[in-house]
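Data block below; observations after.
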Amino acid sequence: MAWRDSLREQRRRVILEAAARVFARKGYQRATMREVATEAGIAPGTIYLYFHNKRDLLLSIAERLVGEIGRLLVQPPEGELRPFISTLLRNQLEMMRRNRPFTRVLLTEVMTDEALRRQYQERVVAPVLAQLEARLRAGVEAGEIRPLNPSIVTRAIVGAVVFLLLSAGEPLGDFLAEERQEEVVTELTNFFLCGLQPCDEEGNG
């Protein structure tokens, strides 16, 4: 029934939000499923009705967060490229800023656990990269952007924001700070569209 599906989805969301807080506070390795259950206000065994284990829980949180960016990519290929890139970067920055502690924990685990990294790439990263690659490929075919390797450029766009997260703080400054968001979006958009050459009046290199 619809109300049961709604209740299940609501319970799943509560667990994910609780787990994100616990992981951010204690770190993934030290956090326990019992602590997540306590944070969510449910019995420990209830979590396993929704998630197989702690790793599944971590990846599900990442899927939920990155899904916000993925939804942006599902738009007509003929949309103008500059607003598309700017909005993509802005959404990525906002997602990372809102979830900075958890995102740091996630990236740490992904970088040090090869099995987790493979699952993260398959479940979370690959679908978004495929959508962005398709958008860039359509732009090349339409003559909107120069011939390029969509696979390389896609990873450069996503990686630029990830590096801002990892390098945020002294002495480089906090590039994820809300008051600097539009500065960062403009600089990165200009860089990806114009390279190091001056942009013309229409924002093209």
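Taken together, the values in this text are just the output of simple stated rules run on the coordinates, not laboratory data. Source: prediction; values computed, not measured. With ideal geometry, Cβ positions are generated from the backbone for all residues, glycine too; neighbour counts draw on all protein chains shown.
Annotations
- For the chain, calculated [θ]222 nm from helices alone, where every DSSP H run of n ≥ 4 adds -39500 (n - 2.57): -22500 deg cm²/dmol
- Net charge of Cβ neighbours under 14 Å - reference Lys54; Lys, Arg +1; Asp, Glu -1: -1
- Across Met95, Met111, Met33, mean-square fluctuation computed from a Gaussian network of the chain (C-alpha pairs under 10 Å connected) peaks at Met111.
- Rounded to 10°, Cα long-axis angle of helix 150-167 versus longest principal axis of the chain: 60
- If you take all other residues with their beta carbon under 11 Å from the beta carbon of Val161, and give Lys and Arg +1 and Asp and Glu -1, the sum is +1.
- Under the shape rule built on the C-alpha gyration tensor, where the axes satisfy a ≥ b ≥ c, the range 1-51 is prolate, since a/c reaches at least 1.5 and a/b is greater than b/c.
- Label-to-label distance, Leu7 versus Arg82, with points set 7 angstrom from Cα along the beta-carbon direction: 5.3 nm.
- Each of Leu88, Leu59 was scored by other Cβ atoms within 10 Å of its Cβ. Arranged with the fewest first, they read Leu59, Leu88.
- Cβ-based charge dipole, the range 53-194, positive-most Cα from Asn99, Thr186, Gln121: Gln121
- Electrostatic bookkeeping for Arg123 treats Lys and Arg as +1 and Asp and Glu as -1; over the other residues with beta carbon under 10 Å from its beta carbon, the sum is -2.
- Charged side chains reduced to their Cβ positions (Lys and Arg at +1, Asp and Glu at -1) give the chain a dipole of some 1280 debye around its Cα centre.
- Candidates Arg34, Arg82, Arg104, ranked by Gaussian network fluctuation over the chain, Cα under 10 Å, top entry: Arg34
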